[in-house]
1. What does the C-alpha gyration tensor say about the overall shape of the chain? Classify as rounded when a/c is under 1.5, otherwise prolate if a/b is larger than b/c, or oblate.
2. Sort Phe150, Phe113 so that the residue with the fewest other Cβ atoms within 10 Å of its own Cβ comes first and the one with the most comes last.
3. Stretched out fully, how many nm does the piece from Ala62 to Met141 gain, at 0.36 nm a residue minus the Cα gap?
4. How long are the semi-axes of the equivalent ellipsoid of the range 85-177, taking √(5λ) for every eigenvalue λ of the Cα gyration tensor, in whole Å from largest down?
5. Once the piece of chain linking Asp171 and Leu82 is laid out straight, how much longer is it, given 0.36 nm per residue of separation minus the C-alpha distance between them?
6. Just subtract the alpha-carbon distance of Thr52 and Tyr7 from 0.36 nm times their residue separation and send over the number in nm, one decimal.
7. What is the P(r) of the range 13-97, as percent of Cα-Cα pairs per 5 Å bin from 0?
8. Leaving out same-chain residues fewer than 8 places away, which lysines sit with a Cα under 22 Å from that of Lys75?
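The numbers here are math on the coordinates, done by the rules we state, and not lab data. All figures in this text were calculated on a predicted structure; none of them were measured in a lab. Cβ: placed from backbone, ideal geometry, glycine included. Neighbour counts: every protein chain shown.
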Amino acid sequence: MDKKANYKRYINAKVLIYLVLGLGSILMIFPFIWMLITSVKTIAETTRIPPTFWPDDIKNTAAYRSVTNSLPFFKLYLNTILMIIFRIICALVFSSTAAYALAKLNFRGKTLFFTIIITQLMLPSQIFIIPQFKMISQMGMTNTVFAMVFPGIVSAFGTFFLRQAYMGIPDDIMEAARIDGCNEFQIFYKITMPLTKTAMSALAVFTALIAYSDLMWPLIVNTNLNKLTLSAGLSTLRGQYVTNYPVLMAGSVLAMLPMIVLYLIFQKQFVEGIALTGTKA
């Protein structure tokens with residue numbers, strides 16, 4: 001009887017857990033469902049009182065035709081992809097080398113440099129906009145892909161994140177490599193980098209998400225619509241007095257596609273990256 005009672009309590013607890021998780025999933029995904037449904041509504045349906053959930057014509061694609069005609073989506077996709085690729089490359093190259101030096105090398109001022117990096121993490125990124133824009137403007141690089149990549153050339157978060165990964169590598173492995181005749185670059189490239197492949201993949205995903213959602217900086221350094229990114233281009237769909245919500249939601253659906261594809265491909269690295277941020281090296 002005790003086994004049956006315990007098994008019944010176990011099943012009831014499982015059902016309750018899955019019920020709570022299911023309701024939470026529905027709550028989290030509801031805004032995306034609302035966005036999809038709104039994108040096929042008419043303006044009258046979006047402003048109707050009381051509001052209606054389901055559109056009269058689910059096959060209405062007028063908003064999608066309007067947004068593709070008003071925005072150069074191919075250029076926006078290309079600009080966004082280029083910015084993400086270059087930011088990922090810069091973050092992995094510079095953050096990994098700096099993190100290795102801070103984690104495994106001994107040099108004067110090491111603690112000071114790491115303190116500066118931690119301090120930068122605690123400061124809001126908006127305070128760097130004015131000096132960064134002045135630097136880009138003086139170089140004459142506004143309205144270029146380099147201007148969009150510039151704030152992400154060095155990542156304080158990436159340096160801290162990879163440093164924690166390098167700290168978890170035993171020093172005995174590196175000492176054995178030195179005995180075998182490896183120099184520091186060979187140890188870094190052939191030993192430590194392969195051991196931190198998961199952390200670097202997670203950093204690449206995080207960098208892509210941060211670059212994709214960056215709205216303010218592309219609008220500041222670019223005045224040409226063809227030079228904007230997806231998030232910045234969508235902001236131009238919002239009117240000063242009246243906003244066409246079906247068109248705005250249709251643009252948001254089209255802009256979501258790259259991130260959905262990226263998550264489906266790298267969801268394992270994304271989940272592992274979330275797990276890594278919660279562990280102590």
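1. The shape class here is oblate.
2. Least to most surrounded, the residues fall as Phe113, Phe150.
3. Details: separation 79, 0.36 × 79 = 28.44 nm, distance 3.78 nm.
Result: 24.7 nm gained on full extension.
4. Values: eigenvalues 180, 46, 22 Å².
Sorted largest first and rounded, they come to 30, 15, 11 Å.
5. Length gained between Asp171 and Leu82: 28.3 nm.
6. Fully extending the segment from Thr52 to Tyr7 adds 11.7 nm.
7. Here the calculated profile for the range 13-97 is 3, 11, 11, 11, 11, 12, 13, 12, 9, 5, 2, 0.
8. Lys227
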